Every structure is written in structure tokens, then in C-alpha cells.
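**Q** Here it is, the structure in full.
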Amino acid sequence: PDLMQNAKLGGLRVRGATHSAELAGKPAGTVAEARATYDEMREALPADDITPELYYYAALQERGNYEAMGLVVEEMQRKQPANEDVKALADWVKKKIGG
């Protein structure tokens, strides 16, 4: 539920990339599968697009893997440092990690 407050981000950034949109809709059975999809999306989308990170972030959140989410959100911040929604995701993860 907490992640859903920020879910609007994922659908807005696909930019018509058909292959990437298909990948984003693919359920992640394991963290390894989610990571593979994340890697494919990163190759298919522009360097500043955070859609791959949002996908992986959500997959990790489903499993409660907050430490790894912290690394993913750092990448989002690197790509889009002025994005207020990304800052909110970073704050949320920081609270979950306890920092």
C-alpha cells in the first residue's frame, strides 16, 4: 500500500517503448528474474529513464528487500536528481531501513 502512493510514476515514463512496456508488465517470479527484466529494460530505454528502476524497486518491495531497494533508489536519484517523487521513494526506503 505504501508503494502504491507513488505507483503513478511507472506508467508515465514508458514513452511508447513497446518492448519495454511488455517487459514492465511481466511478473517477476524471483528476484533473479526481476533483475534480468530490469537489465533488459535498462538496455532498451534512454539512460535517464527510471522505469527499469521503478519496476525493480516494486519487485523488491513485494519481497520486503529494503536494503536492495535503497541501492535502486540511489540509481533513480542519480538519473533524476530533481525528481520530487524519487526523493519521496528514497525517504520511504530510508525509513524502512531505519536510517
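**Q** For ALA36 and ASN83 in the same chain, what is the full-extension length gain: residue separation times 0.36 nm, less their Cα-Cα distance, in nm?
**A** On the way: separation 47, 0.36 × 47 = 16.92 nm, distance 2.55 nm.
14.4 nm is the gain from fully extending ALA36 to ASN83.
**Q** Using the Karplus curve 6.51 cos²θ - 1.76 cosθ + 1.60 with θ = phi - 60°, work out ³J(HN,Hα) for each residue of the range 86-93 in order, rounded to whole Hz, and write x for Gly and Pro.
**A** 5, 4, 5, 4, 5, 5, 4, 5
**Q** Here is a follow-up. Using only protein heavy atoms and a 1.4 Å probe, report how much of ARG42 is accessible, in Å² to the nearest 10.
**A** 100
**Q** What nm value, rounded to one decimal, do you get for the distance between LYS94 and ARG63 when each label is placed 7 Å out toward the C-beta?
**A** 2.6
The values are calculated or read from the model by the stated rules, or taken from the named source; none is laboratory data. For clarity, every value in this text was computed on a predicted model and none was experimentally measured. As a convention, Cβ positions derive from the backbone with ideal geometry for all residues, glycine included, and neighbour counts pool all protein chains shown. Heavy atoms of the whole protein, side chains included, go into the accessibility calculation; ligands, DNA and RNA do not. Shrake-Rupley method; radii C 1.70, N 1.55, O 1.52, S 1.80 Å.
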